[in-house]
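Scroll down for the structure; my scribbles are underneath it.
The values are calculated or read from the model by the stated rules, or taken from the named source; none is laboratory data. Just so it is clear, the structure is predicted and the values come from calculations on it, not from any experiment. Positions of Cβ are backbone-derived with ideal geometry, glycine not excepted, and every protein chain shown enters the neighbour counts.
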Amino acid sequence: MADTPEDLRPTLREAGLRATAQRIAVLGVLRDSRGHLSADRVAEEVRGRLGTVSTQAVYDVLDALTSKGLARRIEPAGSPALFEGRVADNHHHVVCRVCGAVEDIDCVVGAAPCMQASDTRGYVLDEAEITFWGLCPDCQETAAESPEASASS
């Protein structure tokens, strides 16, 4: 069930942010999507809710939400930054090398940082960010059906 603005206002305030219409809309889009959205896609969705909002305003809100831990930014190589509302757990991502699809992968251990570094260099570690790369099921099927794909193997 989608969060209502009334649900999101206290969340923003508890994080030390004013509950503006833009912040409520952006946070709502991220939570409702359950996916990984570019800032441009977030802006499109927010415009559908509010009518008008500048892309710069959306970037500013995404930055504020990310800095307060209400949104997560991931940056797969070769694609624009993506944002998600799933922040209250320790999970990783898998990215398709062909189409760029991104999916969440739960951490095997479940507790951050879920990996042990061989040397922390004096840092106190609290998170590990892992990106797995491969082919999604649709691209695997396309590659299997393509004569060019099997000829180049």
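Answer yes or no: is there a residue in segment 84-97 that is part of a loop (DSSP other than H, G, I, E, B) and among the β-branched types (Val, Ile, Thr). Scanning segment 84-97 turns up at least one residue that is part of a loop (DSSP other than H, G, I, E, B) and among the β-branched types (Val, Ile, Thr). Check whether at least one residue in segment 18-39 is within 18 Å of Trp133 (Cα to Cα) and small (Gly, Ala, Ser), and report yes or no. There is at least one residue in segment 18-39 that is within 18 Å of Trp133 (Cα to Cα) and small (Gly, Ala, Ser). Restricting Thr66, Thr55 to those that are hydroxyl-bearing (Ser, Thr, Tyr) and in contact with a strand residue (DSSP E or B) (Cβ under 6 Å, 6 or more places away or on another chain) reduces the list to Thr66.
Looking at segment 53-70, can you tell me whether even one residue there is at pLDDT 95 or above, closer than 30 Å to Glu141 by Cα and not aliphatic (A, V, I, L, M)? Checked segment 53-70: no residue is at pLDDT 95 or above, closer than 30 Å to Glu141 by Cα and not aliphatic (A, V, I, L, M). When you look at Val108, is it assigned to a loop (DSSP other than H, G, I, E, B), farther than 19 Å from Asp3 by Cα and assigned by TED's automatic domain parsing to the domain that holds Cys139, yes or no? Yes; evaluated as a whole, the condition is true for this residue.
One line per residue, one yes/no per condition, for (1) of a type outside the set (Ser, Thr, Tyr); (2) under 11 Å from the mean Cα position of the chain (by Cα); (3) surrounded by fewer than 14 Cβ atoms within 10 Å (Cβ to Cβ):
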{"residue": "Ala21", "(1), (2), (3)": "yes, no, yes"}
{"residue": "Ala43", "(1), (2), (3)": "yes, no, no"}
{"residue": "Arg47", "(1), (2), (3)": "yes, no, no"}
{"residue": "Val58", "(1), (2), (3)": "yes, no, no"}
{"residue": "Thr66", "(1), (2), (3)": "no, yes, no"}
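For segment 138-148, the condition of being modelled with pLDDT of 80 or more, touching a strand residue (DSSP E or B) at 6+ places or on another chain (Cβ under 8 Å) and under 27 Å from Leu27 (Cα atoms) holds for none of the residues. Look at (1) of a type outside the set (A, V, I, L, M); (2) modelled with pLDDT of 85 or more; (3) more than 13 Å from the chain's Cα centre (by Cα); (4) exposed (fewer than 14 other Cβ atoms within 10 Å of the Cβ) and you find that Pro80 fails only one, number (3). Tell me which residues, restricted to segment 105-138, are surrounded by 11 or more Cβ atoms within 10 Å (Cβ to Cβ), touching a residue at least 24 places away in the same chain (Cβ under 8 Å) and of a type in the set (Asp, Glu). Listed by number, the residues that qualify are Glu129, Asp138.
The set of residues in segment 83-119 being within 11 Å of the chain's Cα centre (by Cα), under 27 Å from Pro10 (Cα atoms), at pLDDT below 95 and hydrophobic (A, V, I, L, M, F, W, C) consists of Val87 alone.
Restricting segment 31-41 to residues that are in a helix (DSSP H, G or I) and surrounded by 16 or more Cβ atoms within 10 Å (Cβ to Cβ), the residue that is farthest from the chain's Cα centre (by Cα) is Arg41. Here Glu84 fulfils each of the conditions (1) within 30 Å of Asp138 (Cα to Cα); (2) out of contact with any Lys or Arg (no Cβ under 8 Å at 6 or more places or on another chain) apart from (2). Taking segment 115-135 as the range and being in contact with a His (Cβ under 7 Å, 6 or more places away or on another chain) and among the aliphatic types (A, V, I, L, M) as the test, only Ile130 passes.
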